[in-house]
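**Q** Before anything else, here's the structure in question.
The values are calculated or read from the model by the stated rules, or taken from the named source; none is laboratory data. Quick caveat, the model's predicted, so the values are computed rather than measured. Don't worry about glycine lacking a Cβ; one is built from the backbone with ideal geometry, like all the others, and counts go over all protein chains shown. Note: areas computed on protein heavy atoms with side chains; ligands, DNA, RNA excluded. Shrake-Rupley method; radii C 1.70, N 1.55, O 1.52, S 1.80 Å.
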Amino acid sequence: ITPAGQNYAIDDVAFNGGTTPTLPAPVIKPAVRVAASTGGTAKVGKYATGLRGSWTGSTATFTYRWYRCTVVASRATAAAPASAAKCTFISGGTTINHKVVTADVGKYLRLLVTARNSAGVTYSLSKTSVKVTK
């Protein structure tokens, strides 16, 4: 007999040799701990290297999108580039690294990392500091 208003839950109880299944761990939406960043060389023919940063939450899958921007960004954000950043998606720029091409000269490269699991989606957009040169 339990006092009014109190409920009890029992897990892993065995009756006649059978057991109740263990409850699955809840899925937690991914969260950015350290923002995405870029490295490598910002020169035509070289590679800009993406670093996805570090994440918390349940297991996630990651996707990548490189952007070519005309405005420098001083900080990383948790969303796709805003119109104020004057960024355009680089066609085919969906891997962790990007080979710098002539169209990148005079622009700033940014990497958007998307983490996705059954609990939701979270974004990390790198900041930029180096303008691409020939």
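One line per residue, one yes/no per condition, for (1) modelled with pLDDT under 85; (2) in contact with a strand residue (DSSP E or B) (Cβ under 9 Å, 6 or more places away or on another chain); (3) β-branched (Val, Ile, Thr):
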{"site": "Pro3", "(1), (2), (3)": "yes, no, no"}
{"site": "Asp11", "(1), (2), (3)": "yes, no, no"}
{"site": "Asn16", "(1), (2), (3)": "yes, no, no"}
{"site": "Leu23", "(1), (2), (3)": "yes, no, no"}
{"site": "Pro26", "(1), (2), (3)": "no, no, no"}
{"site": "Ala31", "(1), (2), (3)": "no, yes, no"}
{"site": "Ser37", "(1), (2), (3)": "no, yes, no"}
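**Q** Can you name the residue in the range 36-67 that is polar (S, T, N, Q) and not in a strand (DSSP E or B) and is also nearest to Ile90 (Cα to Cα) among such residues?
**A** Taking the candidates together, the pick is Thr41.
**Q** Considering only the range 119-134, I want to know if a residue exists there that is in contact (Cβ under 8 Å) with a residue 12 or more places away in the chain, among the aliphatic types (A, V, I, L, M), surrounded by 12 or more Cβ atoms within 10 Å (Cβ to Cβ) and closer than 20 Å to Thr41 by Cβ.
**A** Within the range 119-134, one or more residues are in contact (Cβ under 8 Å) with a residue 12 or more places away in the chain, among the aliphatic types (A, V, I, L, M), surrounded by 12 or more Cβ atoms within 10 Å (Cβ to Cβ) and closer than 20 Å to Thr41 by Cβ.
**Q** Within the range 22-56, how many residues are open to solvent by 50 Å² or more (accessible area, probe 1.4 Å) and on the phi > 0 side of the Ramachandran plot?
**A** Adding up the residues that qualify gives 1.
**Q** Could you please tell me which pairs satisfy a Cβ distance under 6 Å, a separation of 6+ or placement on different chains, a first residue in the range 29-47 that is more than 16 Å from Leu112 (Cβ to Cβ), and a second residue that is open to solvent by 60 Å² or more (accessible area, probe 1.4 Å) and part of a loop (DSSP other than H, G, I, E, B)?
**A** What qualifies is Ala42/Val130; Val44/Lys134.
**Q** For the range 106-117, state whether one or more residues are free of Cβ contacts under 8 Å to residues at least 40 places away in the same chain and in contact with a Pro (Cβ under 6 Å, 6 or more places away or on another chain).
**A** No, there is no match, as no residue in the range 106-117 is free of Cβ contacts under 8 Å to residues at least 40 places away in the same chain and in contact with a Pro (Cβ under 6 Å, 6 or more places away or on another chain).
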